[in-house]
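Peer 1: Here's a structure for you.
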Ligand SMILES: *[C@@H]1O[C@H](CO)[C@@H](O)[C@H](O)[C@H]1NC(C)=O
Ligand SMILES: *[C@@H]1O[C@H](CO)[C@@H](O)[C@H](O)[C@H]1NC(C)=O
Ligand SMILES: *[C@@H]1O[C@H](CO)[C@@H](O)[C@H](O)[C@H]1NC(C)=O
């Protein structure tokens, strides 16, 4: 080894300091405090969390290769990992998420998912992690509110707290999450309205808010989110009418508004849009089904059941490219069901419980 190489090697060792024998002690201590607040009785996933180097073989922990700081906590209770296969069970943990994780300033992802029993709140200090991109806490029993200043997380692209017991309303600052692509708040106890400036979330592609207690109207600004492909507001307490602009959204493919208190008429734009899964079942939608179906109408699912729709099944529906699952039942429709090639596979259940529909697949219409 030449003298200069030797000097370089010595320098590198000195500069790297403690990193040579592992992660910084403060980060190791933060992880151990995080572990101490949890209890995992069956799999022993924390058994590997020993020794000085928390960047080396600690289950679910990984570090930035350059600065050796903890970058990811990835603990999933439902996984194909050998630990789970050997134990032949899914994971369970109780306890809570310690605020100590907020000392891990380089965290980019926090995935603590599907452990079923983790309770407590989302640590408020989580909003002080400047590099956080993924926060995924799905499938636990986490309560309390989403931190009011969540909007500070300018890099956050995934916020998933579905299947928990989150209360409170959606913080207004959520609209400031300019990198957010995937928002999943399904099946919690979230109330309040959808922030009016929700449309600021220009990167958002999936907004899943189903199964909460959200009320008020659908803000028309939602239609400004041109990357939005999946909007699920089902099973809430949403009222008002469906903004017409929603049917004009460029890439919206799934629209689930079922199980709310939506009234008004069906916007014609919905029948002839890029939407392929449309469920507005169990609302109070009235008026006729717009007679504007055409070649662009391609529906895997179109469920308009349990509303107050009246008038005929529109003639143009036969010119739709495809409707796989159609449900017009439990409305006040009346008249002859139009014939059409894709109608052949439909059963009577698609049309039952209306006022006076007739024709295949229901009873033949009376000729007068
Ligand atoms: C976690 O569950 C264990 C039983 O597996 C129980 O003894 C313990 O009290 C629970 N801890 C918390 C914080 O709920
Ligand atoms: C959103 O960000 C802007 C600019 O940083 C700030 O002025 C505003 O207060 C934030 N809104 C909320 C509700 O936090
Ligand atoms: C539409 O929503 C209703 C009410 O939530 C649900 O029962 C039904 O299964 C959904 N339809 C389809 C085709 O998924």
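The values are calculated or read from the model by the stated rules, or taken from the named source; none is laboratory data. All of these numbers come straight from a predicted model, not from anything done at the bench. In this analysis, Cβ positions are derived from the backbone assuming ideal geometry, glycine residues included, and neighbour counts consider all displayed protein chains.
Peer 1: From the list 235, 257, pick out the single residue that is surrounded by 22 or more Cβ atoms within 10 Å (Cβ to Cβ) and either farther than 19 Å from residue 288 by Cβ or modelled with pLDDT of 95 or more (or both).
Peer 2: Residue meeting the stated conditions: 257.
Peer 1: Restricting the search to the stretch 140-168, which residues are farther than 15 Å from residue 208 by Cα, more than 15 Å from ligand 2 (Cβ to nearest atom) and part of a loop (DSSP other than H, G, I, E, B)?
Peer 2: 140, 141, 142, 144, 165
Peer 1: When you scan the stretch 298-344, how many residues do you find that are assigned to a loop (DSSP other than H, G, I, E, B) and either surrounded by fewer than 21 Cβ atoms within 10 Å (Cβ to Cβ) or at pLDDT below 90 (or both)?
Peer 2: Of the residues in that region, 9 qualify.
Yes or no, residue by residue, for (1) within 16 Å of ligand 2 (Cβ to nearest atom); (2) in contact (Cβ under 8 Å) with a residue 40 or more places away in the chain; (3) surrounded by fewer than 17 Cβ atoms within 10 Å (Cβ to Cβ); (4) more than 26 Å from residue 237 (Cα to Cα):
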{"residue": "115", "(1), (2), (3), (4)": "no, yes, no, yes"}
{"residue": "118", "(1), (2), (3), (4)": "no, yes, no, yes"}
{"residue": "170", "(1), (2), (3), (4)": "yes, yes, no, no"}
{"residue": "173", "(1), (2), (3), (4)": "yes, no, no, no"}
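Table: residues versus (1) closer than 17 Å to residue 147 by Cα; (2) buried (at least 17 other Cβ atoms within 10 Å of the Cβ); (3) under 10 Å from the mean Cα position of the chain (by Cα); (4) at pLDDT 95 or above.
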| site | (1), (2), (3), (4) |
| --- | --- |
| 185 | yes, yes, yes, yes |
| 190 | yes, yes, no, yes |
| 202 | no, no, no, yes |
| 225 | no, yes, no, yes |
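Peer 1: If you take the residues in the stretch 99-133 that are touching a strand residue (DSSP E or B) at 6+ places or on another chain (Cβ under 8 Å) and within 17 Å of residue 32 (Cβ to Cβ), which one is nearest to ligand 3 (Cβ to nearest atom)?
Peer 2: It comes out as 112.
Peer 1: If you don't mind, another one. Yes or no: the stretch 78-97 includes at least one residue that is within 16 Å of ligand 1 (Cβ to nearest atom), in contact (Cβ under 8 Å) with a residue 12 or more places away in the chain, more than 23 Å from residue 183 (Cα to Cα) and in contact with a helix residue (DSSP H, G or I) (Cβ under 8 Å, 6 or more places away or on another chain).
Peer 2: Yes.
Residues checked against (1) touching a strand residue (DSSP E or B) at 6+ places or on another chain (Cβ under 8 Å); (2) more than 16 Å from ligand 3 (Cβ to nearest atom):
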{"site": "240", "(1), (2)": "yes, yes"}
{"site": "253", "(1), (2)": "yes, no"}
{"site": "256", "(1), (2)": "yes, no"}
{"site": "259", "(1), (2)": "no, no"}
{"site": "263", "(1), (2)": "yes, yes"}
{"site": "270", "(1), (2)": "yes, no"}
{"site": "277", "(1), (2)": "yes, no"}
{"site": "281", "(1), (2)": "yes, no"}
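Peer 1: I'm trying to understand the selection: among the residues of the stretch 234-280, which are outside any loop (DSSP other than H, G, I, E, B), touching a helix residue (DSSP H, G or I) at 6+ places or on another chain (Cβ under 6 Å) and more than 24 Å from residue 213 (Cβ to Cβ)?
Peer 2: 244, 245, 247, 248, 269, 270
Peer 1: Restricting to the stretch 4-39, and then to whatever is modelled with pLDDT of 95 or more and outside any helix (DSSP H, G or I), can you tell me which residue is surrounded by the most Cβ atoms within 10 Å (Cβ to Cβ)?
Peer 2: In this case the residue turns out to be 38.
Peer 1: Hey, residue 68 hits all of (1) more than 16 Å from ligand 1 (Cβ to nearest atom); (2) more than 28 Å from the chain's Cα centre (by Cα); (3) surrounded by fewer than 16 Cβ atoms within 10 Å (Cβ to Cβ) but one; which does it fall short on?
Peer 2: (3)
Peer 1: Where the second residue is part of a helix (DSSP H, G or I) and the first is free of Cβ contacts under 8 Å to residues at least 24 places away in the same chain and lies in the stretch 24-48, which pairs have Cβ atoms under 6 Å and are six or more apart or on separate chains?
Peer 2: Pairs that qualify, where the first residue is free of Cβ contacts under 8 Å to residues at least 24 places away in the same chain and the partner is part of a helix (DSSP H, G or I), are 46/35.
Peer 1: On to the next question. For residue 283, which of the numbered conditions (1) away from ligand 2 (no atom under 16 Å from the Cβ); (2) outside any strand (DSSP E or B); (3) surrounded by fewer than 19 Cβ atoms within 10 Å (Cβ to Cβ) fails to hold?
Peer 2: Every condition holds for residue 283 apart from (3).
Peer 1: Also, I was wondering about something else. Taking residue 353 and the conditions (1) in a helix (DSSP H, G or I); (2) farther than 19 Å from residue 249 by Cβ, which numbered condition does it fall short on, given that it satisfies the others?
Peer 2: For residue 353, the failing item is (1).
Peer 1: Shifting gears a bit: Testing residue 45 on (1) surrounded by fewer than 17 Cβ atoms within 10 Å (Cβ to Cβ); (2) within 16 Å of ligand 1 (Cβ to nearest atom); (3) over 26 Å from residue 147 (Cβ atoms), one condition comes back false. Which one is that?
Peer 2: Unmet condition: (1).
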